[in-house]
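Shown next, in structure tokens, is the structure this report addresses.
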Amino acid sequence: MMDLTKFTMIEGSKSDKDLVFLGLSTCGFCKRARKFLDEEGWSYNYIEIDKLDREERIALKTDVKTRFSPDLLYPFLIINDSEYVKGFKKDQWEEKLG
């Protein structure tokens, strides 16, 4: 499903990891996480789940829960399509991203 979803690409100076950011438009933690990625210069794809139509939102959430974590917490960052970090704690994100 993620292959069919239209993400917005943010270009940054750091692009050695493939990052996919899932968030909510009204989530303060999501806004802080995106600000962190921007300030650190990361390139990433993002989508605000709550802005998708119902069917697409359900399909995307099901895909993420099946592939990565049954308990989806926002923000949710997928790293290289194999690792993830959920919620936003700056030190955890810094550790995961290196």
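All of the numbers you see were taken from the coordinates with simple rules; none came from a lab. Quick caveat, the model's predicted, so the values are computed rather than measured. Note: ideal-geometry Cβ built from the backbone for every residue, glycine included; neighbour counts use all protein chains shown.
Just to verify a result, which residue in the stretch 17-36, among those that are touching a helix residue (DSSP H, G or I) at 6+ places or on another chain (Cβ under 8 Å) and among the aliphatic types (A, V, I, L, M), is nearest to Ile79 (Cα to Cα)?
The extreme case among them is Leu19.
Given the options Asp53, Asp16, name the one that is acidic (Asp, Glu) and closer than 15 Å to Leu97 by Cβ.
Asp16
Within the stretch 19-32, does at least one residue satisfy the condition of being in contact with a Phe, Trp or Tyr (Cβ under 7 Å, 6 or more places away or on another chain), among the β-branched types (Val, Ile, Thr), farther than 16 Å from Lys61 by Cβ and loosely packed, with under 15 Cβ neighbours inside 10 Å?
No: zero hits.
Need pairs with beta-carbon distance below 7 Å; first residue assigned to a helix (DSSP H, G or I) and within the stretch 69-94, second surrounded by fewer than 18 Cβ atoms within 10 Å (Cβ to Cβ); sequence gap 6+ or separate chains.
Within 7 Å, the pairs are Lys90/Phe36; Trp93/Phe36.
Looking at Glu55, Glu94, which is the one that is more than 15 Å from the chain's Cα centre (by Cα) and surrounded by fewer than 16 Cβ atoms within 10 Å (Cβ to Cβ)? Please lay out each step first, then the result.
Numbers: Glu94 fails: more than 15 Å from the chain's Cα centre (by Cα).
When all the criteria are applied, what remains is Glu55.
Is it the case that Lys65 is closer than 17 Å to Val85 by Cβ, of a type in the set (Lys, Arg) and out of contact with any strand residue (DSSP E or B) (no Cβ under 9 Å at 6 or more places or on another chain)? Spell out the reasoning first.
On the way: closer than 17 Å to Val85 by Cβ: yes; of a type in the set (Lys, Arg): yes; out of contact with any strand residue (DSSP E or B) (no Cβ under 9 Å at 6 or more places or on another chain): yes.
So Lys65 passes the test.
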